[in-house]
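Peer 1: Next up is a structure, given as structure tokens.
The values are calculated or read from the model by the stated rules, or taken from the named source; none is laboratory data. On a predicted model such as this, the values are computed, not experimentally measured, just so you know. Backbone-built Cβ (ideal geometry, glycine too); neighbour counts: all protein chains shown.
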Amino acid sequence: MQDTLTIENLSFGYSKEKLLFKNFSLRLKKGELKAIVGESGAGKSTLFEVILGNLKPFGGTVKRGAVSQIFQDPYSSFHPSYTLLNQISDVASLDRLDEHLKEIHLEKELLYKLPHELSGGQLQRASILRAMLMDPEILLLDEPTSALDNVIQLEVMQMLIKKLDSMAMLLITHDMELASWCADEVITI
């Protein structure tokens, strides 16, 4: 099976004297979930920015398929003044909307609301919905459950894991227990 993400010999830092990554390599295939674990400031979110092409590495290569991201804080990932449906339809096709709503246990009526009118769990589900409708080959998960209570955390991760048959996932987290539970490989940086 072909890699959906290939990082080879990546070197990156905010200065050449202090690199966050030196000769870092990673391969990710459809059906795999790998976790990147590290302390705050270790470069986990920066790695996602490099993968997305928002930051340019000093050396190495990043090759990836279509990518989507689920952010740590769902409230900051949606504009406060527009309905969720408007924001989702701006970036994704709504062809499979009803199918995905059923899979993530989200009521369609909630999409006509503003972000602040939803609970954290509902809004994170809307964030997952948006990411799924973008039909990615790779889903970047940036601490996707850290703002949720334990029961909702488990439900969200179970929903995401069910999607591995159609994509690959890269999770960044501080939570070693979560990483060990769900990931095929845990990479510490």
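Peer 1: What residue, among those in the stretch 1-26 that are surrounded by 14 or more Cβ atoms within 10 Å (Cβ to Cβ) and charged (D, E, K, R), is farthest from Leu164 (Cα to Cα)?
Peer 2: Glu8
Peer 1: With the structure loaded, tell me whether His105 is in contact with an Asp or Glu (Cβ under 9 Å, 6 or more places away or on another chain), modelled with pLDDT under 90, surrounded by fewer than 17 Cβ atoms within 10 Å (Cβ to Cβ) and under 28 Å from Gly43 (Cβ atoms) or whether it fails that test. Write out each step before concluding.
Peer 2: On the way: in contact with an Asp or Glu (Cβ under 9 Å, 6 or more places away or on another chain): yes; modelled with pLDDT under 90: yes; surrounded by fewer than 17 Cβ atoms within 10 Å (Cβ to Cβ): yes; under 28 Å from Gly43 (Cβ atoms): no.
Judged against the criteria, His105 is not a match.
Peer 1: Of all residues in the stretch 41-52, which are closer than 11 Å to Ile172 by Cβ and either over 16 Å from the mean Cα position of the chain (by Cα) or buried (at least 20 other Cβ atoms within 10 Å of the Cβ) (or both)?
Peer 2: Those that are closer than 11 Å to Ile172 by Cβ and either over 16 Å from the mean Cα position of the chain (by Cα) or buried (at least 20 other Cβ atoms within 10 Å of the Cβ) (or both): Ala42, Gly43, Lys44, Leu47, Phe48, Ile51.
Peer 1: When the stretch 159-177 is examined, which residues are found to be part of a strand (DSSP E or B) and either exposed (fewer than 14 other Cβ atoms within 10 Å of the Cβ) or not aliphatic (A, V, I, L, M) (or both)?
Peer 2: Kept after step one, since they are part of a strand (DSSP E or B), are these residues of the stretch 159-177: 168-173.
Within the stretch 159-177, just Thr173 meets the criteria.
Peer 1: Looking at the stretch 146-175, I want the residues that are touching a residue at least 60 places away in the same chain (Cβ under 8 Å) and have a partner that is surrounded by fewer than 17 Cβ atoms within 10 Å (Cβ to Cβ) and assigned to a helix (DSSP H, G or I) with Cβ atoms under 6 Å, at least 6 apart or on another chain. Which pairs are those?
Peer 2: Ala147/Gly120
Peer 1: Suppose we filter the stretch 27-38 for residues that are in a strand (DSSP E or B) and under 18 Å from Ser180 (Cα atoms); how many remain?
Peer 2: 6
Peer 1: Consider Tyr82 carefully, then state whether it is over 21 Å from Arg125 (Cα atoms), touching a helix residue (DSSP H, G or I) at 6+ places or on another chain (Cβ under 9 Å), free of Cβ contacts under 8 Å to residues at least 40 places away in the same chain and of a type outside the set (A, V, I, L, M, F, W, C).
Peer 2: No; evaluated as a whole, the condition is false for this residue.
Peer 1: Would you be able to say whether some residue in the stretch 178-189 is β-branched (Val, Ile, Thr), modelled with pLDDT under 90 and either assigned to a helix (DSSP H, G or I) or surrounded by 20 or more Cβ atoms within 10 Å (Cβ to Cβ) (or both)?
Peer 2: Checked against the condition, which is being β-branched (Val, Ile, Thr), modelled with pLDDT under 90 and either assigned to a helix (DSSP H, G or I) or surrounded by 20 or more Cβ atoms within 10 Å (Cβ to Cβ) (or both), the stretch 178-189 yields no hits at all.
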